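**Student:** Take a look at the following structure, please.
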Amino acid sequence: MKYGQERFYYQRHHQRFILAVIVLTVAFFMPSFAQARSRVSHSHRHASKKHQQPVIPYKGYVVMEPVTGTIIKAKNPDIQVQPASVTKLMLVAVTFDFIKAGKAKLNEIVTTSRKAATMGGSQVYLKQGEKFPLNELLYAIIIQSANDACVAVAEHLAGSTDAFVDLMNQKAKALGMKHTHFVSVSGLYVKPGVHDVTTPRDMAILARYLLLHHPEILKYTSVKVRGFRHDTFIMRSHNHLLWHFPGMDGLKTGYYHQAGFNLVATAKRGDQRFIVSLFGASRRKIRDKEVAELMEYAFRNFRRIRLSQAGKTFEDMDVKVGSHKVVKLPLKASKTIDVVVEIGKKITKKVKYFKNSPPFKANEQVAEATFYVGTKQIGSTYLLAGKNVKKPGWSIFNFFRKG
């Protein structure tokens, strides 16, 4: 073997030897490196998880009983939020006020303006000059959440959307919606810093107003699917709880990115009804789940009870009108008292009588009834004489009987 060949031979074998040592070293230490890396990675993930902000499912809610206005549960009820299309409930309220006052009719024809026809977002694709009865546009507003229909109705009733927005804000003030201000008739997002503002409590107040003064709204909000424009356009309610929650019959959803997912809902079972007003949910499914759970909580744990009704007989009082004669004097409640109590709580009453002998004049205050749950007073009403009862007169017959 020549010198050059011999040198090449030893160099090649030396390289092989070095490579083998490296491979064995890596093979020996690799598991330790992998475990260490795994521990570091796991520790990093754990630390990230630990410091990660929790997902907020919603910004605030109110659970209300509408007859009494009692709030039975709430979280951040006065937090200011963007209502999005829930705004349309106020447009509908003002429209129903127009109708109730005789200033509009459901069958009157509304003509679509150019402005209405160019509205974006959710719509029924109205064309300029198209004509529809006011009633049909109300269905479009509530079921399809149609922004173009909102503008058409507002312009028809008030002359312009700005004028109608003024009416909406006047109504909000009259209802005591202290933290609400509208800038649109539809709730459509305008631009940063220019948008409708409300709170969960304020929107529950609006829902209560509609249920008590315009219960016909449920004819619209309970509809799941309806045709529009001779059934060439099929509208489907955005309130998915109409399909899934027993007793659900309203009212309105709302969404755009900055507002989150909103829902003012109402449901009735038997003679009990509740409102849930929830705003700023991070996802639609979260919104629907939370609203359903809050509504179920209300039905399972609370009930509204009528303790007295104005003008109705509350009880009868025995009144002596002679030595051996007693008549029944009906006592009528002076006012209606409805209360919301937790199921299982016992209600007691105490009656304090101001007088128990004649004469009595009809509608004279005879007694007062007070109601309690435990030691807490929950209501009271005066009891009024239901008829006149004269004081017994003197007679010889009565004189000899007494003797």
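**Student:** I'd like the residue in segment 375-393 that is farther than 17 Å from Val339 by Cβ and hydrophobic (A, V, I, L, M, F, W, C) and, out of all such residues, is surrounded by the most Cβ atoms within 10 Å (Cβ to Cβ).
**Tutor:** Leu383
**Student:** Here's something else I'd like to know. Give me the residue from segment 331-379 that is acidic (Asp, Glu) and farther than 28 Å from Tyr297 by Cβ and, out of that set, farthest from the chain's Cα centre (by Cα). I'd like the intermediate steps shown before the answer.
**Tutor:** Filtering segment 331-379 down to residues acidic (Asp, Glu) leaves 338, 342, 364, 368.
In the following step, the residues that additionally are farther than 28 Å from Tyr297 by Cβ were identified as 364, 368.
Numbers: Glu364: 42, Glu368: 36 Å.
So, considering only residues that are acidic (Asp, Glu) and farther than 28 Å from Tyr297 by Cβ, the one farthest from the chain's Cα centre (by Cα) is Glu364.
**Student:** For segment 281-318, how many residues are touching a residue at least 40 places away in the same chain (Cβ under 8 Å), more than 26 Å from Val63 (Cβ to Cβ) and either out of contact with any Ser or Thr (no Cβ under 7 Å at 6 or more places or on another chain) or part of a helix (DSSP H, G or I) (or both)?
**Tutor:** Final tally of qualifying residues: 3.
**Student:** On the basis of being of a type in the set (Ser, Thr, Tyr), under 24 Å from Gly260 (Cα atoms) and either assigned by TED's automatic domain parsing to the domain that holds Met64 or crowded, with 16+ Cβ neighbours inside 10 Å (or both), does Tyr209 make the cut?
**Tutor:** Details: of a type in the set (Ser, Thr, Tyr): yes; under 24 Å from Gly260 (Cα atoms): no; either assigned by TED's automatic domain parsing to the domain that holds Met64 or crowded, with 16+ Cβ neighbours inside 10 Å (or both): yes.
Answer is no for this residue.
**Student:** Can you say whether Lys376 is farther than 30 Å from Pro66 by Cα, out of contact with any strand residue (DSSP E or B) (no Cβ under 6 Å at 6 or more places or on another chain) and either of a type in the set (Asp, Glu) or without any contact (Cβ under 8 Å) to a residue 24 or more places away in the chain (or both), as far as the supplied structure shows? If you could, list the steps in order and put the result at the bottom.
**Tutor:** Details: farther than 30 Å from Pro66 by Cα: no; out of contact with any strand residue (DSSP E or B) (no Cβ under 6 Å at 6 or more places or on another chain): yes; either of a type in the set (Asp, Glu) or without any contact (Cβ under 8 Å) to a residue 24 or more places away in the chain (or both): yes.
So Lys376 fails the test.
**Student:** Okay, moving on. Report yes if some residue within segment 319-330 is under 27 Å from the mean Cα position of the chain (by Cα) and either among the hydroxyl-bearing types (Ser, Thr, Tyr) or modelled with pLDDT of 95 or more (or both); otherwise report no. So that I can check it myself, show each step before the final result.
**Tutor:** To start, the set of residues in segment 319-330 that are under 27 Å from the mean Cα position of the chain (by Cα) comprises none.
Scanning segment 319-330, I find no residue that is under 27 Å from the mean Cα position of the chain (by Cα) and either among the hydroxyl-bearing types (Ser, Thr, Tyr) or modelled with pLDDT of 95 or more (or both), so the answer is no.
**Student:** Could you check Asp271 against (1) out of contact with any helix residue (DSSP H, G or I) (no Cβ under 9 Å at 6 or more places or on another chain); (2) touching a residue at least 60 places away in the same chain (Cβ under 8 Å) and say which number it fails?
**Tutor:** If we test Asp271 against (1) out of contact with any helix residue (DSSP H, G or I) (no Cβ under 9 Å at 6 or more places or on another chain); (2) touching a residue at least 60 places away in the same chain (Cβ under 8 Å), just (2) comes out false.
**Student:** Sticking with this structure for a sec: Could you tell me whether segment 209-225 includes any residue that is of a type in the set (Asp, Glu) and assigned to a loop (DSSP other than H, G, I, E, B)?
**Tutor:** Going residue by residue through segment 209-225, those that are of a type in the set (Asp, Glu) are 216.
If we keep only those that are assigned to a loop (DSSP other than H, G, I, E, B) too, we end up with 216.
The answer is yes; a qualifying residue exists.
**Student:** Is there a residue in segment 233-245 that is in contact with a strand residue (DSSP E or B) (Cβ under 8 Å, 6 or more places away or on another chain), in a loop (DSSP other than H, G, I, E, B) and closer than 29 Å to Gly193 by Cβ? Before the answer, list the steps.
**Tutor:** Initial filter on segment 233-245 (in contact with a strand residue (DSSP E or B) (Cβ under 8 Å, 6 or more places away or on another chain)): 233-239, 241-242, 245.
Of the ones still in play, those that are also in a loop (DSSP other than H, G, I, E, B) are 237-239, 245.
Filter again for closer than 29 Å to Gly193 by Cβ, leaving 238.
Yes, because at least one residue in segment 233-245 is in contact with a strand residue (DSSP E or B) (Cβ under 8 Å, 6 or more places away or on another chain), in a loop (DSSP other than H, G, I, E, B) and closer than 29 Å to Gly193 by Cβ.
The values are calculated or read from the model by the stated rules, or taken from the named source; none is laboratory data. Predicted, not measured: the structure shown is a model, and the values here were computed from it. Glycine gets a Cβ as well: all are built from the backbone with ideal geometry, and neighbour counts include every protein chain shown.
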